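The values are calculated or read from the model by the stated rules, or taken from the named source; none is laboratory data. Every value quoted in this text rests on a predicted model; they were computed, and no experiment measured them. When we count neighbours, we look across all protein chains shown, and the Cβ atoms used for this are built from the backbone with ideal geometry, even at glycine. Side chains are part of the model used for accessible areas, which takes the heavy atoms of the whole protein and leaves out ligands, DNA and RNA. Shrake-Rupley method; radii C 1.70, N 1.55, O 1.52, S 1.80 Å.
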Amino acid sequence: MDRIFSGIQPSGSLHIGNYFGAIKQWIKLQEKYQCIYGIVDYHAMTVVYDQKELPDRVMDAAIAYLSAGVDPEKSALMVQSQVPEHTELTWILNTVTPLGWCERVPTFKDKVRQNRDNVNLGLLDYPVLMTADIIIYKSVAVPVGQDQLPHLELTREIVRKFNSTFGDTFPEPKPIISEGALIIGLDGKQKMSKSLDNCIYLSDSPEKIKKKLSTAVTDTRRQRKTDPGVPQECNIYSLHKLLSTPQQQQYCHQGCTQASMGCFECKKILAENLINELAPLQEKQQFWLSHQDQVREILHQGGMAARAIAQQTIQEVREKVGLWK
Ligand code: TRP
């Protein structure tokens, strides 16, 4: 089976934007590929972080992904720093990567702007480590969000450079972009994002979901129930498309355009469907929260399985680049 790798930042809670935008797709990919999903703690160290909290954040991420449906029987869920071959390969790739390629990456420029007090070399090297994450498993594809495409482009360039210098070694990994629409936040304007505080989290209680949806921005044409709206321009309607039956969608569409249904009722149907969608996931979350030893064991097993592959690759690479035996 072809292999794919994707990396998960250990940044705690997941929201429905992560879920519909990416994770649901990863779950599906488990059927077709040998998947390795890595919690990338080395990447998390490139910005200011709390060393006492990092292990908890790795645990949170593992629980979130297990609850969302990453199946340890099918995929390897692992922690990046448990497989030191990732960093060993990074060093070797550093030596074939021109400095200018890394300086050109748009996320590097953004991060320099955002982290004026901590412009460390790791920020520059971030995409090279990401490249190592992917190619140490000879992955053929990488499921990522749109924002990661410049990194993937750099990965492909590094692979071409390595292969032409030392002989064909790595496949050029292709991005797999989620077909799930970009999820807009409760403000109705910007992408759902933790830093913008416009999220519904996978762990939000039914009461919280109802409350958050009740104040979520809808089509601004609808000041009163008697104002007809344009569902295509309403964020709540775009969520209906992900969560509601065709009949419910039609019912809400008609109610909105004919001004026969208020936003309140429309949101109520959505809230119920979202709560039902998240219920099994939240049940699993409760389970894993009280079985953290089992989570540790899953990460340990995933790490060993990943490492067995990584060691084969690094051995081949060491020989190709002429390191001492
Ligand atoms: N840069 C990715 C992000 O911020 C995380 C990541 C690290 C990654 N290594 C990866 C993603 C390898 C895909 C493949 O989301």
Review point. Which residue fluctuates the most in the chain, going by a Gaussian network model with Cα springs under 10 Å, if the choices are Lys52, Lys189, Lys24?
Key: Lys52
Practice item. Write down Rg/Rh for segment 206-285, rounded to two decimals, with Rg from the C-alpha atoms and Rh from the Kirkwood relation over Cα pairs. Key: 1.00
Exercise for review: Counting only C-alpha contacts under 8 Å and six or more residues apart, can you give the relative contact order of the chain as a whole percent?
Suggested key: 23
Revision key, fill the gap. The answer for Ile39, listing residues at least 5 apart or on another chain whose modeled amide H is closer than 5 Å to its amide H, is Ile8, Met78, Val79, Gln80
Practice item. Mind pulling the angle between the C-alpha long axis of helix 121-135 and the longest principal axis of the chain? Nearest 10 degrees, somewhere in 0 to 90. Key: 90
Check your understanding: Once the principal axes of the Cα atoms of the chain are found, what is the range along each, listed largest first in whole angstroms?
Key -> 78, 43, 39
Check your understanding: With every protein chain in place, what's the accessible area of Val83 (1.4 Å probe, Å², nearest 10)?
Key -> 0
Practice item. Working from Cα positions, state the angle (0 to 90°, nearest 10) between the long axis of helix 246-257 and the longest principal axis of the chain. Key: 60
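Tell me what the chain gives for mean residue ellipticity at 222 nm when only DSSP H runs of n ≥ 4 count, each as -39,500 (n - 2.57), the sum divided by the residue total, rounded to 500 deg cm²/dmol. Intermediate values should be presented prior to the final figure.
Numbers: 13 runs with 169 residues, N = 325.
After summing the helix terms and dividing by the residues of the chain, the value is -16500 deg cm²/dmol.
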Practice item. Can you tell me the 0 to 90 degree angle between the C-alpha axis of helix 54-68 and the longest principal axis of the chain, rounded to 10? Key: 60
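If we sort 145-158, 107-120, 53-66 on the protection proxy, mean other Cβ atoms within 10 Å, highest first, what's the order? Can you show the working numbers first?
Working: 145-158: 17.6, 107-120: 12.5, 53-66: 19.4.
Final packing ranking: 53-66, 145-158, 107-120.
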Practice item. Name the residue, out of Phe20, Phe170, Phe287, whose mean-square fluctuation peaks in a Gaussian network model built on the chain with Cα pairs under 10 Å. Key: Phe287
